[in-house]
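Novice: Below you'll find the structure I mean.
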Amino acid sequence: MSRRPASGGSGNQADTEAEATATATAIAGLRWRLRRQGTLEHPAVLRELRKLEEQVTAQLADQIGRNPGRHRHSARSGQQISDASGYDLKPDPLTAATTAQFIKTLWQYKVWSGDPSWRKMAAQAGQTVVHSTMHAAMHGDTLPKLDVVKAVITGCGGGEDDLRTFATAWRRIESGRTGTAWAGADFLPAPVPTLQLVPSG
């Protein structure tokens, strides 16, 4: 008994199936080639594999963002788990007074969050900062840029409270480093009126 194609979009579905089959075959062939001695260690192969990994990670993150109902397990895997009642092991960036202490707190926060990979953090942060930039910033000895700090916190599954706390700590250290005093997030200092002496008599 022959089956007739379903009406509406059957051509697109067939194209997708054919493309998926061809892609799966190509990946299987790639895995077979990578078993050959020395192939996987070749710089050109490693470079292309890194590009492939970044592309797949970015596309999966994009799909999760566009279809929040799908891949629920993957979306939840980036969220943090709070400490048990009576324990608060989350690093506090407000205790940091120097750049070195701030970077150390960022490292502690990454570990506290489950020590996600750099690529996973970049995907979780929506690729606003690439993983290599995060890696370099946290291995450096200069205060990371604020957008990098925000990407690290978001990449570790941090929420608004953590972003606010780390931003406050960053501003305090940056102001001490540059000699710029922060007047406040929403307020400017009030102007001081000039005193005019009125002559007596």
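The values are calculated or read from the model by the stated rules, or taken from the named source; none is laboratory data. These figures come from a predicted structure and were not determined experimentally. Neighbour counts run over all protein chains shown; Cβ positions are idealised from the backbone, glycine included. With ligands, DNA and RNA removed, areas are computed over all heavy atoms of the protein, side chains included. Shrake-Rupley method; radii C 1.70, N 1.55, O 1.52, S 1.80 Å.
Novice: If you scan the range 136-162, which residues turn out to be surrounded by 13 or more Cβ atoms within 10 Å (Cβ to Cβ) and under 24 Å from I81 (Cβ atoms)?
Specialist: M138, V149, K150, A151, V152, I153, T154, G155, C156, G157, G158, D162
Novice: Still on this structure, I have one more. Does the range 11-23 include one or more residues that are among the small types (G, A, S), over 31 Å from the mean Cα position of the chain (by Cα), at pLDDT below 75 and open to solvent by less than 100 Å² (accessible area, probe 1.4 Å)?
Specialist: Within the range 11-23, one or more residues are among the small types (G, A, S), over 31 Å from the mean Cα position of the chain (by Cα), at pLDDT below 75 and open to solvent by less than 100 Å² (accessible area, probe 1.4 Å).
Novice: If T165 satisfies all but one of (1) open to solvent by 20 Å² or more (accessible area, probe 1.4 Å); (2) more than 23 Å from D83 (Cα to Cα); (3) at pLDDT 95 or above, what's the number of the condition it fails?
Specialist: So the condition that T165 fails would be (2).
Novice: Looking at the range 134-153, I want the residues that are free of Cβ contacts under 8 Å to residues at least 60 places away in the same chain and have a partner that is surrounded by 13 or more Cβ atoms within 10 Å (Cβ to Cβ) and of a type in the set (D, E, K, R) with Cβ atoms under 9 Å, at least 6 apart or on another chain. Which pairs are those?
Specialist: Close Cβ pairs satisfying both conditions: A137/K145; M138/K110; L143/E174; L146/R171; L146/E174; V152/K110; I153/D162.
Novice: Tally time: how many residues in the range 108-132 are in contact (Cβ under 8 Å) with a residue 12 or more places away in the chain, open to solvent by 60 Å² or more (accessible area, probe 1.4 Å) and closer than 23 Å to T168 by Cβ?
Specialist: Total satisfying the criteria: 3.
Novice: Answer with yes or no whether R4 is modelled with pLDDT under 75, open to solvent by 100 Å² or more (accessible area, probe 1.4 Å), in a helix (DSSP H, G or I) and not β-branched (V, I, T).
Specialist: No; evaluated as a whole, the condition is false for this residue.
Novice: Right, next: Return yes when G176 is assigned to a helix (DSSP H, G or I) and over 30 Å from Y87 (Cβ atoms) and no when it is not.
Specialist: yes
Novice: So which of L46, L40, L94 ends up being over 18 Å from the mean Cα position of the chain (by Cα), modelled with pLDDT of 75 or more and not hydroxyl-bearing (S, T, Y)? If you could, list the steps in order and put the result at the bottom.
Specialist: Details: L46 fails: modelled with pLDDT of 75 or more; L40 fails: modelled with pLDDT of 75 or more.
One residue alone meets the criteria, L94.
Novice: If you don't mind, another one. Step by step: first the residues of the range 79-91, then only those that are under 25 Å from A137 (Cα atoms) and not hydrophobic (A, V, I, L, M, F, W, C), then the one that is modelled with the lowest pLDDT. Which residue is that?
Specialist: Checking each candidate, the answer is Q79.
Here's the yes/no breakdown for (1) in contact with a helix residue (DSSP H, G or I) (Cβ under 6 Å, 6 or more places away or on another chain); (2) not in a helix (DSSP H, G or I):
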| position | (1), (2) |
| --- | --- |
| A122 | yes, no |
| V129 | yes, yes |
| S132 | no, no |
| A137 | yes, no |
| G140 | no, yes |
| V148 | yes, no |
| A151 | no, no |
| A167 | no, no |
| R172 | no, no |
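Novice: Cβ-Cβ distance below 7 Å, separation of 6 or more or different chains: which pairs start in the range 78-89 with a residue that is part of a loop (DSSP other than H, G, I, E, B) and of a type in the set (A, V, I, L, M, F, W, C) and end on one that is modelled with pLDDT of 85 or more and surrounded by fewer than 11 Cβ atoms within 10 Å (Cβ to Cβ)?
Specialist: Final answer for the pair search is none.
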